[in-house]
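Report on one structure; see the data block that follows.
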Amino acid sequence: MFKILQETLITGIATVAYPDVPAMVSAQFRGRPEFDFKSWRDARPAADVCPTGAIVVSDVVGQADPEGTPPANRRVTVDYGLCVFCGQCADASPEGAVRVTTEFELATYHRAGLMLVADYSLNPDGTHRQFIAEYQAVLTAEDVGNQLSEAVHETLGRSLAIRQVDAGSCNGCEMEIVALNNPIHDIERFGIHFVASPRHADMLLVTGPVTRNMELALQKTYAATPDPKVIVAVGACGISGGIFGTNYASRGGVDATIPVDVYIPGCPPRPEALLYGILLAVGRL
Amino acid sequence: MDLLEELAEKFPDLVSPTQAPHQAVRNQISIALRGPDVRAIAEHFISAYGSRLVAVFAEDRVADESVFYNYYVFEQSGEPTYVILQAPIPADQPNFPSLAAGLPAVNWQEREIQDWFGLEATGHPNPRRVALHDNWPDVHPLRKSFPLREVLPPFEGERHVYRPTLGEGVFQIPVGPVHAGIIEPGHFNFAVAGEPILYLQLRMFYTHKGTEKLFEDMPIHRAVFLAESISGDSAFSHGTAFCQAIETASDIEVPLRARVMRTILLELERVCNHIGDIGAIATDVGFVVANAHASRLRELVVRLNEGLTGSRWLRGMVCVGGVRRTWSLAQRDLLRDTVNHVEREFDSLIALVQSSDSTRDRLEHTGILRPETAKVLGIVGVAGRASGVDLDVRRDHPYAAYDRYPFRVPVYQEGDVLHRMLVRVDEVRESFAILHAAANDLPEGPHCAPPEPVPPGRCALSAVEGWRGEILHWVRTAPGDRLERCKIKDPSVNNWAAIVEAVQGNIIADFPVINKSFNLSYSGTDR
């Protein structure tokens, strides 16, 4: 007993003060890739190496052209909800148009809020001639309605019980969620704790992709959680199906099965990114 | 006389007279057979050489060769070469003789072949579905004729009929797939008489994501990331196993610096998961202070991972030909300093765990897996070594740079939770020794071989000792940077049977700690 206390006293306090002070992030950490759309001369190599198709190049063909000249316009879509933060897009875009930052606070209320769009006109060799416009994907009325009400923030803000549901993940996100409970991240300092049953929960923290075999279990868990409840989709797979996408065994992202309030990108999202998303969901940022 | 000649002489009716031109590549010999019956040769391998049947899997070659193939991978103790039997199954007679009655280790693997390919394992003692749940329609997803994106109709019928357990005061306790803790989904059906567990029935494959089929649908450079997502806690091991398979198939020589860097990262993955497990085992018997220290230590290793690879779980680092990024001198110092620090703290963590008599009392003689049972069930990895199964891919089939650093493989005979923990403790200490040696050794030079097109039609097997145990990847390449087939075998596939054995007679309150002492991957099993 004395030894246990001694060990604890010697160690002292290990807990970090995030989000009051910035997170301890290594300079090597690969967070959000930043796109300088204006100077990006060719998006195709980046789209080519992206393992999950988070960068999509779609060329708009006007009239069918027997000469085989390239199409006139290109739309480049970047989706942080599919991104696994491998940094290959930066390596494949040598002119420095894509830069990997250490930003991880990417959680949003809207699926569309994770998407960027840029339009270009093209040179005959398929590189970008002129940058036309850049915009965040337009939010639909449905997206806006999705935002959590003040009342929910009021009810759940001070003490939050979370039920974690693995709806088919690779266990990567689970390891970071477990890390939220370690003495370094210590999520209980916010009055947030993980509970054993959805019936005790205010929030479902769901990882994906939702498999065909877990679809029913997820629906039942959702139904068993009392209102008001907040649903958070975690990780590239939870948001969009990630590298698994949709196939005979995978239904894709969580919002294809149950409604989602907050999306936390990452592969897996680091504990501070999870914490950021959870606090965002209950209006405590 | 080489093995092929010997087999051809002994079994002239079974061994095919024509062998593929690439039948022998690095550390593996492939032998083509005439038909699906491998019983006599398997018997011969096991009785004459003491071989172990490592894996059984199938491949659909109907479009090109009008046959399916079953592959049987054998390993002989002390012999670094794997022997792979390739047994053709005619498309119009889709069945093969089962080995499961004599070799329970292939029970699930043969049933997987039944489910995925629709090839019947004739004479299997328990031929029910395992990979596809009972309420799936009659489909065989790994057949080439089955489209990956097929949308299957909603569930119908019974989910799974469990074996009834009858008797006065006998109850069944269903648990899962949504568990109480933050863990992966699976279903456990316990039959209990009061506290003691009579019988445990498992239902896995809840997280089946079509991974093996997906490998056939993406270019190889993307598939590396899919390999990292097979089991998130073993991202680097699975990624390395996959890249090694491609490197073997295309004769790529990985530079020495890359091999040493891979060795370091594989050991860091082992250290960080083993420390986490030691803490989790302590938690499950109520010693939460020990877990607080263990999870703090684990976080130190995870941060080191981030400093070395940009990812806390070593993702996005391994690539075909080596590793994606090299290390600066500062990163090498970070590695040395952190390992030194964690090593010191690890000693006091273990002293703390061992100072508690009540912890020892809960762990000792709990969840015993006897050595003879472990051998029959083909248990591998940590669980195997705690029950007398002396296997370690790093020593038996050296890869990366493991032939450069001496290390000891801990083996115990007791097979209880305590000894599964002690195997981890010993292995972490061996890992520290490897890490010190490799960090000092780290040679200069390129960190990646120059990229080369992958030749089509090549087959290759690759093995890695992940922290849980033996990971196998087998590939057949296709034209245009693609794969015809990728078979993945996580150590968990064999080891679930060990949990069923180990829990019998234990009280249900000890199930969590027994389960944790194995800590198997659901996603790695289900794929």
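Observations, loosely collected:
- For the range B:3-122: relative contact order, % (alpha-carbon pairs under 8 angstrom, 6 or more apart): 23 percent
- Taking Cβ atoms as reference points and 12 Å as the exclusive limit, the residues near B:Met317 contribute a net charge of +3, counting Lys and Arg as +1 and Asp and Glu as -1.
- Distance between the C-alpha centres of the range B:10-54 and the range A:1-58: 49 Å, rounded to the whole angstrom.
- The Rg/Rh ratio for the range B:3-122 is 0.94, where Rg is the radius of gyration of the alpha carbons and Rh is the Kirkwood radius.
- For the range B:141-203, the Stokes-Einstein estimate of translational diffusion at 4 °C and a viscosity of 1.567 mPa s comes to 88 µm²/s, using the Kirkwood hydrodynamic radius over alpha-carbon pairs.
- If you take all other residues with their beta carbon under 11 Å from the beta carbon of B:Lys489, and give Lys and Arg +1 and Asp and Glu -1, the sum is -2.
- Max mean-square fluctuation residue, GNM over chain A, Cα-Cα springs under 10 Å, options A:Gly266, A:Gly157, A:Gly12: A:Gly12
- Amide N of the range B:477-513 lying under 18 Å from the label point, which is placed 7 angstrom from the Cα of B:Tyr162 along Cα→Cβ: B:496-513
- Whole-angstrom gap from the range B:384-406 to the range B:305-377, using each part's C-alpha centre: 16 Å
- Rg over Rh, two decimals, chain B (C-alpha only, Kirkwood Rh): 0.96
- Residues A:Asp79, B:Asp13, arranged from fewest to most other Cβ atoms within 10 angstrom of their Cβ, appear as B:Asp13, A:Asp79.
- Shape category assigned to the protein assembly as shown from the gyration tensor of Cα positions, a/c cut at 1.5: rounded
- The angle between the Cα long axis of helix A:215-224 and the longest principal axis of the Cα atoms of chain A comes to about 50 degrees, rounded to the nearest 10.
- Mean residue ellipticity (222 nm) of chain A, computed from DSSP H runs ≥ 4 via -39,500 (n - 2.57), nearest 500: -6000 deg cm²/dmol
- Panel order for B:Thr248, A:Thr15, A:Thr207, A:Thr155, by other beta carbons found within 10 Å of each beta carbon, from fewest to most: A:Thr15, A:Thr155, B:Thr248, A:Thr207.
- In the range A:197-285, Cα pairs under 8 Å separated by at least six residues give a relative contact order of 30 percent.
- Cα gyration tensor category, rounded, prolate or oblate, for the range B:420-527 with a/c compared to 1.5: oblate
- Mean separation of Cα contacts under 8 Å, 6 or more apart, over the residue count of chain B: relative contact order %: 16 percent
- As an equivalent ellipsoid, the range A:148-281 spans semi-axes of 22, 17, 12 angstrom, where each value is the square root of five times an eigenvalue of the C-alpha gyration tensor, largest first.
- Shielding by partners, peptide B:302-313 (average Cβ within 10 angstrom, other chains): 6
- Span-like helix check, chain B: qualifying full DSSP H segments, with Cα axial length of 24 Å or more and mean Kyte-Doolittle of -1.0 or more, are B:256-284, B:288-309, B:329-354, B:417-441.
- Chain A: C-alpha gyration tensor shape, a/c 1.5 cut-off, then a/b vs b/c: prolate
- Taking N as the residue count of the range A:215-264, its C-alpha radius of gyration divided by 2.2 N^0.38 Å amounts to 1.14.
- Top of A:Glu176, A:Glu103, A:Glu150 by mean-square fluctuation, Gaussian network on chain A, Cα under 10 Å: A:Glu150
- Per-residue Cβ neighbour counts within 10 Å put B:Met218, A:Met1, A:Met24, A:Met214 in the sequence A:Met1, A:Met24, B:Met218, A:Met214, beginning with the fewest.
- Computed per residue of chain B from DSSP H runs no shorter than four, each worth -39500 (n - 2.57), the mean residue ellipticity at 222 nm is -12500 deg cm²/dmol.
- The Cα trace of the range B:211-526 gives Rg and Dmax of 19.3, 61 Å, the first to one decimal, the second as a whole number.
- Neighbour net charge for B:Ile183 - beta-carbon separation under 12 angstrom, K R +1, D E -1: -4
- Highest mobility in the GNM of chain A, judged by mean-square fluctuation with C-alpha springs under 10 Å and restricted to A:Ser240, A:Ser159, A:Ser169, is found for A:Ser159.
We did not get these values from a lab; they are worked out from the coordinates using the rules stated. What you see is a predicted model; the values in this text were computed from it and never measured. Because the Cβ atoms are built from the backbone with ideal geometry, glycine has one as well, and the counts that use them run over all protein chains shown.
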